[in-house]
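One structure is given below, encoded as structure tokens.
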Amino acid sequence: MYQHTQFAWAIWAILAWIATFLVMAIVLSGSNAAILLFAGILLLVAVLFYGLTIKVDTQSKQFTWWLGPGLIKKTLSFDEITAVRAVKNSLRHGIGMKITNDGWVYSVSGFSAVEITLQDGMKYRVGTNDQAGVLKALTGEVMIEEASSAEVEKATLEPEKKRKKGAFDLD
């Protein structure tokens, strides 16, 4: 069995920045119900999203991940999974839990992730700072896809698409 937790330093940094304004509000205006409610919401977000844990259980043949203490959790059977591959998320994937053109994204910090493709075509991108460990745990259980050198070359050398000049462009 493999289990690894990636801590959400990016989320915590954002919450700490917001908390500085909260402290300034308390110092300048004193504590009131609205400020205390906002502080409670910040604390709740910090607890719910403190990290992302990935668990690969070869005994029960399940791939599971959850945010924070496990209230937001997803479990997939190895039978549902057709392929897994290491990917790099871009800035548009962001942090948190959301749906994108690449499928569902679960990420708390960094750009490394594993992409899981299901039989019905649905894809999940699960962020991790231990791609190699996840893929090693899944080796022999599901098909691990490797990016071909042609795909890597195309992704790095493909020119950016030209866009029309906008009204606010300077040149």
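The values are calculated or read from the model by the stated rules, or taken from the named source; none is laboratory data. Note that the coordinates shown come from a computational prediction; the quantities given were computed from them, not determined experimentally. Here the Cβ positions follow ideal geometry from the backbone for every residue, glycine too, while neighbour counts run over all protein chains shown. Heavy atoms of the whole protein, side chains included, go into the accessibility calculation; ligands, DNA and RNA do not. Shrake-Rupley method; radii C 1.70, N 1.55, O 1.52, S 1.80 Å.
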Filter result for Val152 (at pLDDT below 80, open to solvent by less than 30 Å² (accessible area, probe 1.4 Å) and over 20 Å from the mean Cα position of the chain (by Cα)): no
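Looking only at the range 16-57, count every residue that is within 27 Å of Thr139 (Cα to Cα) and either open to solvent by 50 Å² or more (accessible area, probe 1.4 Å) or charged (D, E, K, R) (or both) and tell me the total.
2
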Of all residues in the range 73-101 being more than 13 Å from the chain's Cα centre (by Cα) and polar (S, T, N, Q), the one that is most open to solvent (accessible area, probe 1.4 Å): Asn101
Single residue of the range 63-72 satisfying the filter (touching a Lys or Arg at 6+ places or on another chain (Cβ under 8 Å) and free of Cβ contacts under 8 Å to residues at least 40 places away in the same chain) that is most open to solvent (accessible area, probe 1.4 Å): Trp66
